[in-house]
Amino acid sequence: MAAATIEGTEAVGHPAEEGGLPQLNPEFYASQIFWLAITFGLLFIVLSRVTLPKIASGLAARKSRIEGDLGAAEQSKKDASDALTAYEAALAQARSKALALADENRKRIVGEIENLKSAADAKAVEAMSKAETRIAAERTRAEGNIRSAAAEAAASIVERLIGAPVSGDEATRAVDGVKVQKA
């Protein structure tokens, strides 16, 4: 009996019971192994001659670039460390220079202050000396005026008391004879 196909026709030479997957049919194993070997052989040749060298060169270039970047990073790190050391040395030198300059300025200013102070002291001593001289002169003049005023006052008082006039010389001698106690 012939099997009916989808369109209603019978299949010629193939009974309906004999179906299945042809790749699982043992009579096709030899041809399948042959084409498998040819396909994998061609795939192996393409991969080994074209694709794998490109992948290997890409990996080598990447490795070379990474090593170069690491070397550059190490050099940059060394340069930064050297720059930091130079910066710290320059900073320390600037600090010591600033301290020395500040110390020099302080000494100079202290010297100027001492000079000004000694000049002011000398002026003060000179002014005090002049003032003492003036005071002594004024005291002497005042004492002379006081003696004459005291002599006149004494003469006037004695004249009022006893009614007799006293000469200026006698009044002056009487005043000179009295000792005045200073407080």
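The values are calculated or read from the model by the stated rules, or taken from the named source; none is laboratory data. Worth saying up front: this structure is predicted, and the values here are computed from it rather than measured. Neighbour counts are summed over all protein chains in view; Cβ atoms, including those assigned to glycine, are modelled from backbone coordinates with ideal geometry. The area values use the complete protein model at the heavy-atom level, side chains included, leaving out ligands, DNA and RNA. Shrake-Rupley method; radii C 1.70, N 1.55, O 1.52, S 1.80 Å.
Can you run down the residue pairs with Cβ atoms below 7 Å, 6 or more apart or on separate chains, where the first is in the stretch 32-43 and at pLDDT below 95 and the partner is exposed (fewer than 10 other Cβ atoms within 10 Å of the Cβ) and part of a helix (DSSP H, G or I)? Listed by first residue and then by second, the contacts come to Gln32/Gln23.
Hey, any hits in the stretch 135-147 for a residue that's in contact with a helix residue (DSSP H, G or I) (Cβ under 8 Å, 6 or more places away or on another chain) and either in a loop (DSSP other than H, G, I, E, B) or surrounded by 10 or more Cβ atoms within 10 Å (Cβ to Cβ) (or both)? Yes, because at least one residue in the stretch 135-147 is in contact with a helix residue (DSSP H, G or I) (Cβ under 8 Å, 6 or more places away or on another chain) and either in a loop (DSSP other than H, G, I, E, B) or surrounded by 10 or more Cβ atoms within 10 Å (Cβ to Cβ) (or both). Looking at the stretch 77-90, can you tell me whether even one residue there is open to solvent by 100 Å² or more (accessible area, probe 1.4 Å), assigned to a helix (DSSP H, G or I) and aliphatic (A, V, I, L, M)? No, the stretch 77-90 contains no residue that is open to solvent by 100 Å² or more (accessible area, probe 1.4 Å), assigned to a helix (DSSP H, G or I) and aliphatic (A, V, I, L, M).
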